[in-house]
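Below is one structure, written out as structure tokens; comments come after it.
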Amino acid sequence: MISREIALKILEDVGCSGDVIDHCTAVSELASYIGRKLSSEGKLPDLQLVEIGGLLHDLGRSRTHGISHAVEGASIAKELGLERRLVEIIKRHIGAGISVEEAAQLGLPEDDYMPRTIEEKIVAHADNLIVGTKKISLEERISMMTEKNINIDSINRVRALAEEIGFQ
């Protein structure tokens, strides 16, 4: 697993803006907090994977700020030879996942974008609760999604992920 310092250098080297790096740092900190909380409850996420996955989740924002930033980020991570578990966190962090059918509707490559591992779920959930560098509530996230006319299935998945993780 790469270090925090290397992850931050990767973000800089691929051209992520300072705002994106600050956001990634905030997501990583919240994800790490959630991971430690779950560890204390007997669930055992890989805390280093959660920290580094949180830092690199928006790697693709160096190329685009659209929904495809997850695909772009996963592609960059593969090009850099990062371990598969990090690639999957990057690819699956949008909302609480994107189904194969939704991916087709959004013009994304046909793939599974649903978070599966506890680490993928923690990073996706932490990202849902950070806007810029500010922590928001689950209800604020749901309200933002509703205002953007995000489909109800996606909103329900965000709620279900919050319940599964047990942190709001």
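The values are calculated or read from the model by the stated rules, or taken from the named source; none is laboratory data. Computed from a predicted structure; not experimentally measured. Reconstructed Cβ throughout: ideal geometry from the backbone, glycine too, with neighbour counts over all protein chains shown.
Annotations for the structure displayed:
- Remark: pairs (first residue in region 33-49, under 19 Å from M1 (Cα atoms); second residue modelled with pLDDT under 95 and part of a loop (DSSP other than H, G, I, E, B); Cβ separation under 7 Å; 6+ apart in sequence or on different chains) = Q48/M1; L49/M1.
Quick grid of which residues meet (1) surrounded by 22 or more Cβ atoms within 10 Å (Cβ to Cβ); (2) within 18 Å of V87 (Cβ to Cβ); (3) at pLDDT 95 or above; (4) among the β-branched types (V, I, T):
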| residue | (1), (2), (3), (4) |
| --- | --- |
| A7 | yes, yes, yes, no |
| G15 | no, no, yes, no |
| G18 | no, no, yes, no |
| D22 | no, no, yes, no |
| E29 | no, no, yes, no |
| K37 | no, no, yes, no |
| L44 | no, no, no, no |
| Q48 | no, yes, yes, no |
| D58 | yes, yes, yes, no |
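- Of residues in region 65-79 being closer than 19 Å to M114 by Cβ and β-branched (V, I, T), the one surrounded by the fewest Cβ atoms within 10 Å (Cβ to Cβ): I67
- Looking across I90, I67, one residue alone is over 18 Å from I122 (Cα atoms) and in contact with a Leu (Cβ under 7 Å, 6 or more places away or on another chain). It is I67.
- Conditions (1) under 22 Å from I165 (Cβ atoms); (2) over 11 Å from the mean Cα position of the chain (by Cα); (3) assigned to a loop (DSSP other than H, G, I, E, B): number failed by P115: (2)
- Candidates I52, I94 - the one that is in contact (Cβ under 8 Å) with a residue 40 or more places away in the chain, at negative phi, hydrophobic (A, V, I, L, M, F, W, C) and surrounded by 14 or more Cβ atoms within 10 Å (Cβ to Cβ): I52
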